[in-house]
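**Q** There's a structure below that I have some questions on.
Bear in mind that the values in this text are calculations on the coordinates, not laboratory data. These numbers come from a predicted model, not from an experiment. Every residue, glycine as well, gets a Cβ built from its backbone with ideal geometry; the counts of neighbours run over all protein chains shown.
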Amino acid sequence: MTPRFIMIGGFLGAGKTTTVGRLARRFTDQGLKVGIVTNDQTTDLVDTHSLRSQGFDVGEVAGACFCCNFNELTSTVEKLTAAELPDVILAEPVGSCTDLVATVIRPLVQVYKRPFDVAPYGVILKPSHGLKILRNDGQGGFSQKADYIFRKQLEEADFLIINRIDELTPAAISELTGLLESQFPGRPIVRISAKAGLGFDSLCEILDQRGAFAQRVMELDYDIYAEGEAELGWLNSQAVVEAESEFELDRLLVDLIDRLRKRFADVGAETAHLKTIGLWEVFYGVANLVSSFTEPELSLPSNCRVKRAHVVVNARVAIDPEVLAGFVREELAAACQAVAATHRIDTLQSFRPGRPVPTHRITTAVS
């Protein structure tokens, strides 16, 4: 059987990991073997820890995006298929990347020798930024260069996904739909809640379609693209938290996110995505902040009290990476102190993404 390759794109904080996780559970419940490939500019990715904690077979492409590390992508896929060929491979690219049709999907079809049954490429819209950017009201929160990446992600999609419909009013859903239909005509639009599972029948119906996909030839200014990515400070960190008495793991995670939210707000730094996972034995909890316009969210509660936990923090914020690292160090210490715990930071990497240099870029679609 030829594996079905499904890639779900979207901006940082759009809900890709939650969507991929729910799709993986759905396919597994149908008796299908599923492999997942996550992607980040560096190691210690919350998404990888989260999906593995849910019992999925996950490979991680770290150190560069799929497009710039194409050979590592195919190598990771090979490792997933070494024991037993998956029926479905779900791929989640870096949230600040675009041009993925020309640099990932077409090379998989035209360069990589192993056959894949490629599904339509869906891109998830992040409502908190989407409405502001698509309205062209100058209130998107990021610069025009970052907005450029956001729009290009939508432009290359075979279909578009509006997420978090359970948190939106009917009027907001209608406005988003209208803006997408007028600015990106010809693309089917699916409305879902990745967290609640709403709309997944429609999503899977589109993903199950067969035919010629990845046909749009998109013009992209790589200078603007590179400058837009470089505006974000990128941080991945892993720490061990310990206490003499048990503390609520979920309280620690949400408190850490909220403390960082306030620090970023104080200096006017726009948050693209901020997430943390706490792991203890078979338990795990995830808290995140998807934008400066929203509140911290406990997306996956652990519901446990612990004396020791591994805590991973990922931050993508429009701020100098050194300042970002300082904030994370300070607020992690404060959050641990609030639950009478100590901590040890094992790894902390903060930087700006480098210029994207794709391994392959194929601008000619093959039907």
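**Q** Given only helices, namely DSSP H runs of n ≥ 4 each adding -39500 (n - 2.57), what is the per-residue ellipticity at 222 nm of the chain, to the nearest 500 deg cm²/dmol?
**A** Counting only the DSSP helices, I get -10500 deg cm²/dmol.
**Q** Could you give the size of the charge dipole of the stretch 114-203 about its Cα centre, using +1 on the Cβ of each K and R and -1 on the Cβ of each D and E, expressed in debye and rounded to the nearest 20?
**A** Rounded to the nearest 20 debye, it is 260 debye.
**Q** Which Cα, out of THR28, VAL254, ALA315, lies furthest along the positive dipole direction of the chain (beta carbon charges, K/R +1, D/E -1)?
**A** Selected residue: THR28.
**Q** Also, quick follow-up: Modelling each spin label as a point 7 Å along the Cα-to-Cβ direction, I'd like the LYS307/ARG25 distance in nm, to one decimal.
**A** Distance between label points: 3.2 nm.
**Q** Extension gain ALA212-THR43, at 0.36 nm per residue separation less the Cα-Cα distance, in nm?
**A** Details: separation 169, 0.36 × 169 = 60.84 nm, distance 3.46 nm.
The span from ALA212 to THR43 would gain 57.4 nm if fully extended.
**Q** Right, another one. Loop only by DSSP, 15 or fewer other Cβ within 10 Å of the Cβ. Give me the GluC sites (Glu not before Pro) in the stretch 240-349 that pass, ordered by residue number.
**A** Here the GluC sites (Glu not before Pro) that fit, given the DSSP loop and packing criteria, are GLU281.
**Q** Between the helical axis of 170-183 and the dominant principal axis of the chain, each derived from Cα atoms, what acute angle in degrees is found, rounded to the nearest 10?
**A** That helix lies at roughly 50 degrees to the long axis.
**Q** Filter the cross-link list LYS33/LYS79; LYS16/LYS126; LYS152/LYS275; LYS126/LYS275; LYS33/LYS152; LYS16/LYS307 down to pairs whose alpha-carbon distance in this structure exceeds 21 Å.
**A** LYS152/LYS275; LYS33/LYS152; LYS16/LYS307
**Q** Related question: For ASN71 and ALA196, FRET efficiency with R0 = 45 Å and r from the beta-carbon atoms, rounded to 0.05?
**A** The calculated FRET efficiency here is 0.75.
**Q** Moving on. For CYS65, CYS204, CYS336, what ranking results if the residue with the fewest other Cβ atoms within 10 Å of its Cβ goes first?
**A** CYS204, CYS336, CYS65
**Q** Using alpha carbons only, how many degrees (0 to 90, rounded to 10) separate the axis of helix 249-266 from the longest principal axis of the chain?
**A** 80 degrees
**Q** Obtain the nm distance between the two label points defined at ILE173 and LEU298 by a simple spin-label model: each point lies 7 Å from its Cα along the Cα-to-C-beta direction.
**A** 2.7 nm
**Q** Where nothing but the Cβ of Lys and Arg (+1) and of Asp and Glu (-1) is charged, how large is the charge dipole of the chain around its Cα centre, in debye to the nearest 20?
**A** Once rounded to the nearest 20, the dipole reads 440 debye.
**Q** Could I ask something else about it? In nm, give the distance between the simple-model label positions of ALA340 and ASP166, each being 7 Å from the Cα along the Cα-to-Cβ direction.
**A** Label at ALA340, label at ASP166, 3.6 nm between them.
**Q** For a distance above 20 Å, tell me the whole-number percent of Cα pairs in the stretch 233-351 that qualify. Walk me through the numbers on the way to the answer.
**A** Details: 2368 of 7021 pairs.
Summing the P(r) of the stretch 233-351 above 20 Å gives 34 percent of all pairs.
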